[in-house]
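Below is one structure; the comments refer to it alone.
The values are calculated or read from the model by the stated rules, or taken from the named source; none is laboratory data. Please read these numbers as outputs of a predicted model, since none were measured by experiment. For neighbour counting, all protein chains shown are included, and Cβ atoms are generated from backbone atoms with ideal geometry for every residue, glycine included.
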Amino acid sequence: MGAVGAVGLAASGYAYAAMWPASGIFGSPLIAPEKAGELALTFDDGPNPKWTPRLLDVLGEHGVKATFFILGGRVETEPELVRRIAVEGHLIGNHSWSHKNLARTAATKVREELTRTSKALEQITGERVKYFRPPFGARRPAVFRIARELGLRVVTWNAMTSDWSEPSADRIARELTAKIDRLGKRGRAANIVLHDGGHLEQGIDRGPSVAAAGMLVARYGATHRFVRVDAWGSS
Ligand SMILES: [Zn+2]
């Protein structure tokens, strides 16, 4: 399990790559089905009071529904924003309370991170939280087991670039477009990750990620169907 050892490099792109989002070794995550033409935009590490509202405006203008994997620790300070995400028809998922590497976190703490987050979200939206994306994609059998016990389906991805450290929206959109098109050629839907927030800093600049989301929506709006991840499987 060399990949697990690499997790210490937390925020680096290398760690993301090393976590093998498509790996089924520790259990089977929800990624994307064989449905060319379907795209799921997913946004991690928010809500971000500076950028999530702008992102919601962009999605709303195009009638696109997306999935937001939210950090529980941000919910207390941004309840209105969480409410807005839900009211506007987006799917809300659990991204843990404090963005720990759960592959290296004690089982009792993993359970607490997930339980607290779902509870905080459910208190605001009144809806059961059924999807969970592990921070850094890091997981081990206990994480799957605990998620399952809490009624949470583990979701990873198949289209990501280092948008969290890339200042050019054009470049983010270009790299994701290449991945989306490659998946499409193989008959696969794309589960696309972008970040509207940052786990290390609240209010972080996500202008490039939000602009890139706008570019993808404009580019694929006429030819593809944007779906929430719950279109691809239940918990
Ligand atoms: Zn994250």
Item checked: Number of positions in the stretch 216-235 that are surrounded by fewer than 18 Cβ atoms within 10 Å (Cβ to Cβ), over 16 Å from the mean Cα position of the chain (by Cα) and assigned to a helix (DSSP H, G or I) -> 2
Margin query: One residue is enough: does the stretch 135-145 have a residue meeting the conditions modelled with pLDDT of 95 or more, under 24 Å from residue 59 (Cβ atoms) and touching a strand residue (DSSP E or B) at 6+ places or on another chain (Cβ under 6 Å)?
Written below: no
Item checked: Test result for residue 130, within 21 Å of residue 230 (Cα to Cα) and more than 16 Å from the ligand (Cβ to nearest atom) -> yes
Margin query: Checking the condition of a type in the set (D, E, K, R), surrounded by 14 or more Cβ atoms within 10 Å (Cβ to Cβ) and farther than 24 Å from residue 109 by Cβ, which residue from 139, 186, 182, 171 passes?
Written below: 171
Notebook entry, point to check: Among the candidates 128, 145, which residue alone is part of a loop (DSSP other than H, G, I, E, B) and basic (Lys, Arg)?
Noted result: 128
Check: Does any residue of the stretch 192-203 turn out to be in a loop (DSSP other than H, G, I, E, B), farther than 17 Å from residue 85 by Cβ and polar (S, T, N, Q)?
Finding: no
Next item on the list: For residue 197, state whether it is within 16 Å of the ligand (Cβ to nearest atom), at pLDDT 95 or above and more than 25 Å from residue 34 (Cβ to Cβ).
Entry: yes
Check: What is the residue count in the stretch 204-215 for residues that are surrounded by fewer than 14 Cβ atoms within 10 Å (Cβ to Cβ) and in a helix (DSSP H, G or I)?
Finding: 1
Note to self: Can you list residue pairs whose Cβ atoms sit under 6 Å apart, with the first residue in the stretch 56-72 being aromatic (Phe, Trp, Tyr) and the second being assigned to a strand (DSSP E or B) and within 16 Å of the ligand (Cβ to nearest atom)? Count only pairs 6 or more apart in sequence or on different chains.
What the structure shows: 68/43; 68/92; 69/44; 69/93
Notebook entry, point to check: Given the stretch 39-106, what helices (runs of 4 or more DSSP H) lie entirely inside it while holding 1 or more residues that are over 13 Å from the mean Cα position of the chain (by Cα) and within 13 Å of the ligand (Cβ to nearest atom)?
Noted result: 72-75
Next item on the list: Output the qualifying pairs, or none if there are none: Cβ atoms under 9 angstrom, residues six or more apart or on different chains, first residue in the stretch 187-208 and farther than 18 Å from residue 157 by Cβ, second residue more than 14 Å from the ligand (Cβ to nearest atom) and not in a loop (DSSP other than H, G, I, E, B).
Entry: 207/54; 207/169; 208/169; 208/170; 208/171; 208/172
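Would you call residue 57 under 19 Å from residue 206 (Cα atoms), buried (at least 24 other Cβ atoms within 10 Å of the Cβ) and of a type in the set (Asp, Glu)?
no
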Next item on the list: Identify, from the list 182, 188, 228, the residue that is touching a Leu at 6+ places or on another chain (Cβ under 6 Å) and at pLDDT 95 or above.
Entry: 228
